[in-house]
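Q: Please see the structure below; I have some questions.
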Amino acid sequence: MPDPTVPSPTEPPAGSPGSTGTGPAPARRYVETKPPRGVYVRVFIYVVATHVLLAMMSLVVLMAK
């Protein structure tokens with residue numbers, strides 16, 4: 001199954017005289033070495049959630065003493 005983010009080697013790049021694309025080039029370019037933005041958002045949420053959970057558990061332990 002071909003990867004939709006990588007143009008096939010037989011079709012000319014967008015914007016060249018032989019290209020079939022009618023619109024302008026996309027604003028973002030796919031870079032394989034850079035993770036998607038959603039990864040950063042999820043990591044941030046997981047870190048915040050684990051710290052909140054740890055704080056709640058610490059509070060329960062302190063109240064139980």
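The values are calculated or read from the model by the stated rules, or taken from the named source; none is laboratory data. Computed from a prediction, not measured in an experiment: that's the story for all the values here. Backbone-built Cβ (ideal geometry, glycine too); neighbour counts: all protein chains shown. When the accessible area is computed, the model is the full protein with side chains, heavy atoms only, and any ligands, DNA or RNA have been set aside. Shrake-Rupley method; radii C 1.70, N 1.55, O 1.52, S 1.80 Å.
Q: Starting from residues that are in a helix (DSSP H, G or I) and among the hydroxyl-bearing types (Ser, Thr, Tyr), keep the ones in segment 22-59 and report whichever is modelled with the lowest pLDDT.
A: Going through the qualifying residues, I end up with 40.
Q: Six or more apart or on different chains, Cβ under 9 Å: which pairs go from a residue in segment 28-53 that's in contact (Cβ under 8 Å) with a residue 24 or more places away in the chain and open to solvent by 80 Å² or more (accessible area, probe 1.4 Å) to one that's part of a loop (DSSP other than H, G, I, E, B) and not acidic (Asp, Glu)? Could you list them?
A: If the second residue must be part of a loop (DSSP other than H, G, I, E, B) and not acidic (Asp, Glu), the pairs left are 30/5; 30/6.
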